[in-house]
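Single-structure report; data block below.
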Amino acid sequence: MSMPKLQVALDTDDLPTAINVARQVVDVVDVVEAGTLLIYQEGMKAVKSLRALAPDKILLADCKTADAGGHVGHVCKEAGADWMTCICAATTPTMANAQKEIEVQVELYGNWTEEQAQEWLDNGIHQVVYHQSRDAKFAGQTWGEHDLNEVKKLIDMGFKVSVTGGVKPDVLKLFNGVDVYTFIAGRAITQAKDPHAAAQEFKDEINCIWS
């Protein structure tokens, strides 16, 4: 079982704020994410700037693509991204065309089936992101056994599974013994008084549980 990666989701409304946080945590995290909200505000400039700041880190463009996968994949790769996201409602051809350009993560929101997931695998797409959405968290949803079982099921199918959605260090122990690929933290790091210390707390917890 490999050590889970730590990803910081920079879902800020402006690039200077994202850069400020990234500078503080780049020595701790494994993956730097140009978040959806940041890309909406700043476009591929955000991806290019984060690549310049973190040349040796995995860089994700969280564009949640639903169509034109090949074109978006090419644009993200040209901007310096290593990975991009497609929303699970996208067609398999959209995802497969993106995968020809760049490594794709499928964002699992709403309803999707195991049959669809197997199609993604059959088309060379091996990363998925298991979510609790921002809106669900605001409505009071918490992490529990159901989430653990869903993540295990996806791993058993052959996926590299990332986990996100209001993740805090105390959530990680729920996944003890599970081969999670990446834990993605957003506000828990970006809105912390000390983002570096917050990221280090995640990293220390990962190292403690999976060592």
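The values are calculated or read from the model by the stated rules, or taken from the named source; none is laboratory data. Everything numeric in this text was worked out from a predicted model, so none of it was measured. Neighbour counts run over all protein chains shown; Cβ positions are idealised from the backbone, glycine included.
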I need a count of the residues in the range 71-89 that are in a helix (DSSP H, G or I) and surrounded by 18 or more Cβ atoms within 10 Å (Cβ to Cβ). 6
Leading residue by the ranking (surrounded by the fewest Cβ atoms within 10 Å (Cβ to Cβ)) among those in the range 3-26 that are out of contact with any helix residue (DSSP H, G or I) (no Cβ under 7 Å at 6 or more places or on another chain) and not small (G, A, S): P16
Quick check on the range 90-98. Is at least one of its residues of a type outside the set (A, V, I, L, M, F, W, C), part of a helix (DSSP H, G or I), crowded, with 19+ Cβ neighbours inside 10 Å and more than 13 Å from the chain's Cα centre (by Cα)? yes
Scan the range 52-66 and tell me whether some residue there is surrounded by 18 or more Cβ atoms within 10 Å (Cβ to Cβ), aliphatic (A, V, I, L, M), more than 15 Å from the chain's Cα centre (by Cα) and modelled with pLDDT of 95 or more. yes
Having 3 or more residues that are more than 23 Å from T94 (Cα to Cα), at pLDDT below 95 and not aromatic (F, W, Y) is the bar; report the helices (runs of 4 or more DSSP H) wholly within the range 104-189 that clear it. 134-138, 145-157
Among all residue pairs at least 6 apart or on different chains, which show Cβ distances below 8 Å where the first residue, located in the range 107-119, is free of Cβ contacts under 8 Å to residues at least 60 places away in the same chain and more than 15 Å from C86 (Cα to Cα) and the second is surrounded by 12 or more Cβ atoms within 10 Å (Cβ to Cβ) and among the hydrophobic types (A, V, I, L, M, F, W, C)? E114/M157; Q118/M157
Please verify whether V106 is among the β-branched types (V, I, T) and touching a Ser or Thr at 6+ places or on another chain (Cβ under 7 Å), treating the condition exactly as stated. no
Checking V29 against (1) over 23 Å from V72 (Cβ atoms); (2) assigned to a helix (DSSP H, G or I), which single condition isn't satisfied? (2)
If a residue has to be surrounded by 16 or more Cβ atoms within 10 Å (Cβ to Cβ), free of Cβ contacts under 8 Å to residues at least 40 places away in the same chain and either aromatic (F, W, Y) or not in a helix (DSSP H, G or I) (or both) to count, how many in the range 32-44 make the cut? 1
